[in-house]
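Step one of this worksheet: look at the structure below.
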Amino acid sequence: MSSLWIVWIIVQEYGYTLTTANKLQPRGDEGCDRASANRTIAHDDPHEPRLPLAAKPQYIDYKLHYGLRYNPSLLQAPARNVSQERQRKNLLLSAGQLGAHDEPLAPPLLTVFHIISFVNGPCVSRRQPDDGTTWAGVCYHEQECRILHGMPMDSCAGGFGVCCVFRFGCEGRTEQNVSYFHSPHYPAAATDSLSCGFTLLLQRTVRQVLLEFVFFELQPPQLGNCVEDQFIVSVQNDQRPHYPVLCGINTGQHMYLDIDRAYSHSLYLSTVFNSKQPRAFLVKITQVGTETLTQRLSPA
C-alpha cells in the first residue's frame, strides 16, 4: 500500500513538471520573433555598427504663422499692414500708452504723384549777378518756366517753384507782365554793327506799358540826331505821333506808353547800331493793366 502511494506521488510530480515545461517553451515562429526582438532592443554590442537614427521632422504650425487658412506655399509670414500699424500707434500715442522705446512716426514723404500747386505771383531774385541788377520775375514750376522761355534765377513757394525771369536779347518775344530786353552779350558791351528787335504781345487788360531804362548807354547824338545808334519804340496801329528815337545815356529814366487794345496787340522795340563803338542797354518792360490802373497809371 505504501509503495502505491509513492508511485502516485511520483506520477503527479512528473506530470506537473511536463505541463509547466510545455507552457514555458515558446513556439517556433513566436520564439524567432521574440529572439529577434530581443536582439534588436536588448543587444548592446559596442563592436557591431549601429544604424543612424532618422532626424525628427520639424512640423510648422501653419495656424500660428498664417492663420486658419492652410497654405504651405508661403515661406514667411505676410507683411504687416503699415496703415493699420500707424493707426494703432496714433491711438496709443493719444491715449498715453506709447512707450519711450517705440520710435515716433516719420512724417509722410511726398511722392511723384503729389502735385504741388501755388500762386504764380511776382518774385524778386535774391541771387543778383555781378553787375548788381535786381531781376523781377514770376514764381513758376521749373519745367513751366523753361517752356515759357524763362530763366530760373532763384527758388520760391517754399522751394517748390523757381523765380522765373524773362530776359531776352535779339529777336525775343513774350507776353509776360514783366520782361527784360537787353543788348547782345549784356552786361558786356556790344561792338558789332547790327540791328536787334523785341516783340511784346499785349494782354487784353493792358492800358499802359512802362519802359524802365535800368542801364542805357549808347553812342551820343550828333547835332541832336541819333546817327550811330538808335533805339526805336513803336506800337501796332498806334494813331498817335511816333515816339522819339533814343540814344546817348538814359540810365535811370523811364517812359510810359498809352495802349488802346481795340487797335493795338503788339509793342515793338528795335535797335540799330551803325558803328563798332561799345554800347549796352537793359530795359525793364511792365504791362500795366486795369487792376493796377489807379496805382501805376501815369498822369496825362
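Any read-out appearing in this document is the output of simple, stated calculations on the displayed coordinates, not a laboratory observation. Keep in mind it's a predicted model, so treat the numbers as computed, not measured. In this analysis, Cβ positions are derived from the backbone assuming ideal geometry, glycine residues included, and neighbour counts consider all displayed protein chains.
Each other residue within a Cβ distance under 13 Å of residue 116 adds +1 if Lys or Arg and -1 if Asp or Glu, for a net charge of -2. Maximal additional length on extending the residue 126-residue 205 stretch stands at 25.5 nm, based on 0.36 nm per residue less the C-alpha distance.
At full extension, residue 253 and residue 239 could sit 2.6 nm farther apart than now, given 0.36 nm per residue minus the alpha carbon distance.
Legend: ranking of residues 144, 217, 171 from fewest to most surrounding C-beta atoms inside 10 Å; resulting order 171, 144, 217.
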